[in-house]
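Here the structure comes first, spelled out in structure tokens, and everything after it is commentary.
The values are calculated or read from the model by the stated rules, or taken from the named source; none is laboratory data. Owing to the predicted nature of the structure, the values given are computational and were not obtained by experimental measurement. Every residue, glycine among them, receives a Cβ derived from its backbone with ideal geometry; neighbour counts consider all protein chains shown. Surface accessibility is based on the protein's heavy atoms, side chains included, excluding ligands, DNA and RNA. Shrake-Rupley method; radii C 1.70, N 1.55, O 1.52, S 1.80 Å.
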Amino acid sequence: MQSIQPFVLATGLVFFLLQSAGPAAAAQKASAPAAHLQSAGTDSEVSATQPVITIHGLCNEGASKGQKEADSCSKVITREQFEKLMNALNPGGQKISPGGRQNLARAYVEALAFEVAARNAGMEKTADYLEVMNWMRLRTTADLYRRSLKEEYRNPSQAEIDAYYREHKESFERVKLQRILVPREKFAVGDNHDFDQTALAAARNARERAARGEDFGRIQADIFTRLHLGTPPATDLGSYGRADFMEKEAAEVFSLQPGEISRLETEIKSYVIYKVAEKYTLRESQVKAEIARDIAQQKYQEALRAVTDSAQTDFNEQYFGKMAPALPADVPMMPRRPAAH
């Protein structure tokens, strides 16, 4: 059972093998009777010790003719053995389709066949084999350790969740916004500088009208009519958090109380005015799952840094050249800012 596991883990074939049925299997599935497909996904009648794969002809080079005739070169994989492999390759416990199970079975048989052929060819004694297997061992060990860390930190305690919510309560504040948007460019023949000046004047006028309490939808429609811009965007944006804005914008928007209006904001391609329709803070119960994920991810990243920082390394620049900065372990997602148009 050991021959395929490092290969699959290290090359990223797990997802393909367990989730994809492949073109051939998909064609079989499309043409197979419903009763056959049902039986393919039902294994309750197969005992743990019952063979699920039997391979004939896996003979070592030294096997005698009599041994081959007696079929002593057969290999039997029981349900228990196969599922140990399948579960090891599926740490998330995702549901595996019949096609995915079949894919893994075929790939496993193929790998076993190549293993015998490679052994008979003396491949296991070559320097390349030893080097690649050592690399696979290192990668597999690292992958399994990362997996164990994720499992260890997967379920933070309620006390940790409570503390996180208190310390980061500001990040769970939300504002329900209305917005007036004035594009600074008109994608047509003409001088965009002149258009920008006209748009700025329109935006300033819109800010004055908004401050007097006029309806945002009416102001937005008037601007687009005046500037010949076509259909205006909706003014009701929904709810947003601080992370959805640039830092400066977030500070101003969240300083406003319901009914108050922001100053005229200048963005790269538009002038923007915001109005806070509603302001509230999400309850801990509403964000508990999100907090648990954040805590788990934070602990996981800290554990990874502890491992990598423990390896103080000097690289020979005469050989490698100037080393590029290492990529961060976690790349933050771009904030979900209000759509420009």
- request: Please give the number of the condition H193 fails out of (1) free of Cβ contacts under 8 Å to residues at least 24 places away in the same chain; (2) under 25 Å from A277 (Cβ atoms).
  value: (2)
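Does G259 fit the bill of being on the phi > 0 side of the Ramachandran plot and over 33 Å from the mean Cα position of the chain (by Cα)? It would help to see each step written out before you state the result.
Details: on the phi > 0 side of the Ramachandran plot: yes; over 33 Å from the mean Cα position of the chain (by Cα): yes.
Judged against the criteria, G259 is a match.
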task: Out of the residues in the range 148-167 that are within 24 Å of the chain's Cα centre (by Cα) and open to solvent by 70 Å² or more (accessible area, probe 1.4 Å), state the one that is nearest to K288 (Cα to Cα).
output: N155
statement: Those residues of the range 84-100 which are touching a residue at least 24 places away in the same chain (Cβ under 8 Å), part of a helix (DSSP H, G or I) and open to solvent by 30 Å² or more (accessible area, probe 1.4 Å) amount to K84, P98
Inter-residue pairs, beta-carbon under 9 Å, first under 20 Å from L282 (Cα atoms) and of a type in the set (S, T, Y) and in the range 150-174, second open to solvent by 70 Å² or more (accessible area, probe 1.4 Å) and at pLDDT below 95, 6+ apart: S171/A243
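Tally time: how many residues in the range 136-146 are open to solvent by 70 Å² or more (accessible area, probe 1.4 Å) and either of a type outside the set (S, T, Y) or under 21 Å from K279 (Cβ atoms) (or both)?
Step one: list which residues in the range 136-146 are open to solvent by 70 Å² or more (accessible area, probe 1.4 Å), which gives 137-139, 141, 145-146.
Next cut, either of a type outside the set (S, T, Y) or under 21 Å from K279 (Cβ atoms) (or both) only: 137-139, 146.
Selection size over the range 136-146: 4.
Of all residues in the range 247-265, which are among the basic types (K, R) and free of Cβ contacts under 8 Å to residues at least 40 places away in the same chain?
Step one: filter the range 247-265 for residues among the basic types (K, R), giving 248, 263.
Once the filter is applied, which keeps residues that are among the basic types (K, R) and free of Cβ contacts under 8 Å to residues at least 40 places away in the same chain, the range 247-265 yields only K248.
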query: When you look at Q94, is it at pLDDT below 95, closer than 28 Å to A48 by Cβ and among the polar types (S, T, N, Q), yes or no?
result: yes
task: Go through the range 233-277 and count every residue that is in a loop (DSSP other than H, G, I, E, B), exposed (fewer than 14 other Cβ atoms within 10 Å of the Cβ) and among the β-branched types (V, I, T).
output: 1
field: Long-range neighbours under 8 Å by Cβ, at least six apart or interchain, first residue under 16 Å from C59 (Cβ atoms) within the range 115-131, second among the hydrophobic types (A, V, I, L, M, F, W, C) and open to solvent by less than 90 Å² (accessible area, probe 1.4 Å)
entry: V116/L58; V116/C59
message: Suppose we filter the range 105-120 for residues that are of a type outside the set (D, E, K, R) and open to solvent by 80 Å² or more (accessible area, probe 1.4 Å); how many remain?
response: 1
statement: All conditions in (1) surrounded by fewer than 13 Cβ atoms within 10 Å (Cβ to Cβ); (2) modelled with pLDDT under 65; (3) of a type outside the set (K, R); (4) closer than 28 Å to E151 by Cα are true of Q5 except (1)
